Every structure is written in C-alpha cells, then in structure tokens.
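Encoded as structure tokens, the structure appears first; notes follow it.
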Amino acid sequence: MKWIFENDGRPETIERERWAWEALYADGSRLQQFDETGKFHQFREIGQGVAVFSLYKPDDKDKRIDIALPGGAEPIHLYRNFVFNSSTPDEFKARVYVFGYKHNGHTHYNFILPDDRVVQATTDQILLADMIASI
Amino acid sequence: MAATVEIDEANTVSETLTHGITNSNWGSNDSVNLTAATYPIIPGDNSYEKWQKIHVTAMGGSTKVNNLKVWRVTALGGSAVHLTNARTASYGGAPTFATPVATDSAVATQTMPTSEPATANLGIAGSLTGALTGAGSSDYLVHQIQTDAGDLVGATTTMHYQYDEIA
C-alpha cells in the first residue's frame, strides 16, 4: 500500500516508517500518520486535545508504546538520523524515533533505537551514537 | 519517507560544487573525491581545506531538518590535528566561501570533536538553532588536517553526522 501526501497540491508518495505515530483524541477520534485510506499526515496536523499519543510498529502491531497524556500536554515527535562513516564504503545510516510530550515546562522523551530498544529521558540532548554503534 | 540528504563539496576559486561526494579524503590538492595516495600530505604540511555542506535534496514529507552535529572517530596518528569551524558554542556564523588553501586555515580553528557533540555544532543560515523547511543546505563545514613533521603516513579517520527531522 502507498501513502500519498498532498504537498502544496502536488501528490507525493511517502513510504511508511518502521514506527508510525497515532493520536487518540478525548472525543474518541484518531489521527494516524499513515491512515487507512492511504493518506499520509504530518505531525503538525495533530493539533490540540490528544488523550493518548502512540508509536506502533505497522509490521508488528504487538509492538506499540502508548502514552496517556496529562491534560494540556503537547505531544513531541521527530526522527534523529545518524550517518556513520560518511562517504566511505562502510557508510551506514540509523534512524531513531523520538517521541514524548511536554507539559508545564517539563518534557518526557522516548527514543526507539534501530533494535527497538527504548531509552527514556527528560531531555532530548542524550548521546545515542555509541549506543547505536554497539548494536 | 525520510528526507534525502547528501554531502556536497566545493572546490577551486570558482566554488565548483559536487553533489553527493563519494569520499572525504584530505590531500595535497584541492579536489573532490580525491585518491589520498595520489595526493599525499608531506609530514609537517597541511591538507587543503575541505568546504562541505549537508544538503537536503528533498524533505520527503518532513517539515523541518535541524540540530546538525558533525564529529570524527579514530585517532589520526602522530601529532596531526583535525580542525574545523564547527563548534557548539561561540559559533562564528556561516562562513563565506573562499578558495581552499593548504596554509593554516583561518576558518577551521576549532578541534573537530572525536565523539558525538552534546548539542548542534554546525549551523543553518548562520545559526546553530537554524532549520531547513525545504530543500537546502547547511552552512559550510570547513575542515583541515594539520600534520607534524614527525607524523607517519597511513592514518585514516571517518566522519559521522547527525540531523533531526520533524515529519
């Protein structure tokens, strides 16, 4: 299945991520990054009123992490990309899925490493390169 | 889908830009993708500066790329040092391209980190907190190897990069 992103009126095909996000709202509605109609949604479309923010593995739906957000919390999501041995025959790339929330001046982050190990922290400034290199 | 990122390098007085370099070898010549054995650095001399950029060629559905970090790993050997403009504090802004030189770089004056920096050390639009919201490039990453007369040939080192992407 392909997912389409309407990029300023120009449809763009987006490949599904290894881990995808899903926002469940207090009214029971939900928004999925890769929805069931084949549409791709950007994180900025999530808006307010998220009750549960989740990351799940589309190819292994038993693997998911759900965060029940405190009232008023804002979800956080980004990809942290590493390029090791850049521009050499040994170059390899790794993608860390970073998600969590901020609330009342505090932040909580989860980092899903390439081997699906999860690291938790209260800051996004943690050093991951050595952890990834050891996988 | 991930943003598409490549490393570009500019050479000569004409700022000739090569996209998607295949190596970052330093040498005694200002050329891209050079063969180190063809352009060895005489112990005591410097390499030519490398003027490179992290270039986002397509956002792939993402809205922002930022938080750039660069560092190298493995020892250079001898007393050689690897200098750069990249730094986590007192960042000097986006350097204006100048013909790469083999004299001591006036731009690459900070020691290249040998482990992952704690925070961004390469800017976008002159700022470490800058971001790309469409196709574009980082500030120039300028770096140079400065060797010592007692150094031996054969040392190698590799570059690592990190960047954040908001989808």
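For the stretch B:1-103, calculate the relative contact order in percent as a whole number, restricting contacts to Cα pairs under 8 Å that are 6 or more residues apart.
Values: 144 pairs, mean separation 35.5, N = 103.
Rounded, it is 34 percent for the stretch B:1-103.
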Connecting every pair of Cα atoms under 10 Å apart in chain A and solving the GNM, the largest mean-square fluctuation among A:Arg95, A:Arg16, A:Arg44 falls on A:Arg44
A correct Kirkwood calculation over the Cα atoms of the stretch A:60-135 returns a hydrodynamic radius in Å of 13.8 Å
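Taking only Cα atoms of the stretch B:94-167, what ratio of Rg to Rh do you get with Rh as the Kirkwood inverse-distance radius? Walk me through the numbers on the way to the answer.
Values: Rg = 15.1 Å, Rh = 14.9 Å.
Across the stretch B:94-167, the Cα-based Rg/Rh ratio is 1.01.
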If we count other beta carbons within 10 Å of each Cβ, what is the order of A:Glu22, A:Glu36, B:Glu6, A:Glu15, fewest first? A:Glu36, A:Glu15, B:Glu6, A:Glu22
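Where the only charges are on Cβ atoms (+1 Lys, Arg; -1 Asp, Glu), what is the dipole of chain B about its Cα centre, to the nearest 20 debye?
Numbers: 6 positive and 14 negative charges, 66 e Å.
With only Lys, Arg, Asp and Glu charged at Cβ, the dipole is about 320 debye.
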Using the Karplus equation 6.51 cos²θ - 1.76 cosθ + 1.60 (θ = phi - 60°), what ³J(HN,Hα) coupling, rounded to whole Hz, does each residue of the stretch B:69-83 give in order, writing x for Gly and Pro? 10, 10, 7, 10, 10, 6, 6, 7, x, x, 10, 5, 10, 10, 10
Between the stretch A:94-131 and the stretch B:27-64, the alpha-carbon center distance in angstrom: 31 Å
For chain A, modelled as a Gaussian network with Cα springs under 10 Å, which listed residue fluctuates most, A:Lys57, A:Lys39, A:Lys93? A:Lys93
Residue farthest toward the positive end of the dipole of the protein assembly as shown, with Cβ of Lys/Arg at +1 and Asp/Glu at -1: which of A:Ile112, B:Ala37, B:Ala120? A:Ile112
Return the aspartates and glutamates within reach of B:Lys50: Cα separation strictly under 16 angstrom, same-chain partners fewer than 8 residues apart disregarded; answer none if there are no such residues. B:Glu6, B:Asp8, B:Glu9, B:Glu15, B:Asp30, B:Asp104, B:Asp139
Centroid-to-centroid separation of the stretch A:13-51 and the stretch B:124-150 [C-alpha atoms, Å]: 34 Å
Dipole magnitude of the stretch A:1-68 about its Cα centre, charges +1 at Lys/Arg Cβ and -1 at Asp/Glu Cβ only, in debye to the nearest 20? 120 debye
Rounded to the nearest 20 Debye, what is the dipole magnitude of chain A about its Cα centre when Lys and Arg each give +1 and Asp and Glu each give -1 at the C-beta? 80 debye
Residue order, fewest to most surrounding Cβ atoms within 10 angstrom, among A:Phe92, A:Phe53: A:Phe92, A:Phe53
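Give me B:Trp71, B:Trp51 sorted ascending by neighbouring Cβ count inside 10 Å, so fewest comes first.
Values: B:Trp71 19, B:Trp51 25.
By the 10 Å Cβ count, ascending, the order reads B:Trp71, B:Trp51.
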Considering every residue in A:83-95, what mean count of other chain Cβ atoms within 10 Å of its Cβ is obtained? 5
Against the 2.2 N^0.38 Å rule of thumb, the C-alpha Rg of chain B sits at a ratio of 1.02
Under a GNM of chain A (C-alpha, springs under 10 Å), which listed residue has the highest mean-square fluctuation: A:Tyr109, A:Tyr25, A:Tyr97? A:Tyr25
Å³ per residue of the Cα convex hull, for the stretch A:1-56? 85 Å³
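For the protein assembly as shown, take the convex hull of the Cα atoms, compute a quarter of its surface area, and give me that in nm², please. Don't skip to the end; give the middle numbers.
Values: hull surface 68.7 nm².
Seen from a random direction, the Cα hull of the protein assembly as shown projects 17.2 nm² on average.
Each value in this text was obtained by applying a stated rule to the coordinates, not by laboratory testing. Given the structure is predicted, the values throughout are model-derived calculations rather than measurements. So basically every Cβ, Gly included, is an ideal-geometry build from the backbone, and we count neighbours across all protein chains shown.
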